[in-house]
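Each value in this text was obtained by applying a stated rule to the coordinates, not by laboratory testing. Only a predicted model underlies this, so the values are computations on that prediction, with no experimental measurement involved. Here the Cβ is made from the backbone with ideal geometry for all residues, glycine too, and neighbour counts use every protein chain on show.
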Amino acid sequence: MSRALFSSTVLAGMTGLLFGVGLVIAGMTNPDKVQNFLDFTGTWDPSLAFVMVGAIGVYASLYPLIRRRAAPIYEPRFTLPTRKDLDPKLVGGSAIFGVGWGLGGICPGPGLVDLGSGLLPAAVFIGAMALGMTLQKAMAREAPRAAPVTLGVLDDVGAR
């Protein structure tokens, strides 16, 4: 293994560990906390909004600084999305993700963290997620591409 690949792998592992610890500290691995955040008419818990605002603040302040670099530290170039359209698959997948997150109180990042704890619901969630990803890949090979919808507000996505 080359030194750059090793360094990149170690950095990715440390970043993942930091992300996982942040999820645990923020309570994002607790499905009840997530569901209470989404329950505006009952036991609403706004604390996860602070987690989201904090994440947006970190992103908003660092993104412009990072984009000034010619390339990432361990990659030859940045790879940013170039598509500027919304297709039905993206909208439908986002809706399914949101409904699943609301009903289950768990999403992929916290699900992987919970899987490390050996909890059965996390294993069921990760298994169902893997099955869904496999089905999506199989269906994507068979289905024709849907016509995209272009929105002017997305014209700057991926722009330098």
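One line per residue, one yes/no per condition, for (1) farther than 30 Å from Ala140 by Cα; (2) in a loop (DSSP other than H, G, I, E, B):
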{"site": "Val21", "(1), (2)": "yes, no"}
{"site": "Asp45", "(1), (2)": "yes, yes"}
{"site": "Val51", "(1), (2)": "yes, no"}
{"site": "Tyr63", "(1), (2)": "yes, no"}
{"site": "Asp114", "(1), (2)": "no, no"}
{"site": "Val124", "(1), (2)": "no, no"}
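In this structure, does Gly42 turn out to be surrounded by fewer than 12 Cβ atoms within 10 Å (Cβ to Cβ) and on the phi > 0 side of the Ramachandran plot?
So Gly42 fails the test.
Leu38: of a type in the set (A, V, I, L, M, F, W, C), touching a residue at least 60 places away in the same chain (Cβ under 8 Å) and in contact with a helix residue (DSSP H, G or I) (Cβ under 6 Å, 6 or more places away or on another chain), yes or no?
Yes.
Within region 98-147, count every residue that is of a type in the set (Gly, Ala, Ser) and in contact with a Leu (Cβ under 9 Å, 6 or more places away or on another chain).
Number of matching residues: 5.
Give just the number: which of (1) β-branched (Val, Ile, Thr); (2) loosely packed, with under 13 Cβ neighbours inside 10 Å; (3) in contact (Cβ under 8 Å) with a residue 60 or more places away in the chain does Ile106 not satisfy?
(2)
Could you list, in sequence order, the residues of region 50-74 that are more than 20 Å from Gly100 (Cβ to Cβ) and in contact (Cβ under 8 Å) with a residue 12 or more places away in the chain?
Result: Arg67, Ile73, Tyr74.
In region 78-96, is there at least one residue being β-branched (Val, Ile, Thr) and over 22 Å from Met129 (Cβ atoms)?
Yes.
Filter region 14-23 for residues that are of a type outside the set (Gly, Ala, Ser) and crowded, with 16+ Cβ neighbours inside 10 Å and give the result.
Hit for region 14-23 is Leu23, nothing else.
Among the residues of region 72-93, is any in a helix (DSSP H, G or I) and surrounded by fewer than 11 Cβ atoms within 10 Å (Cβ to Cβ)?
No, that holds for no residue.
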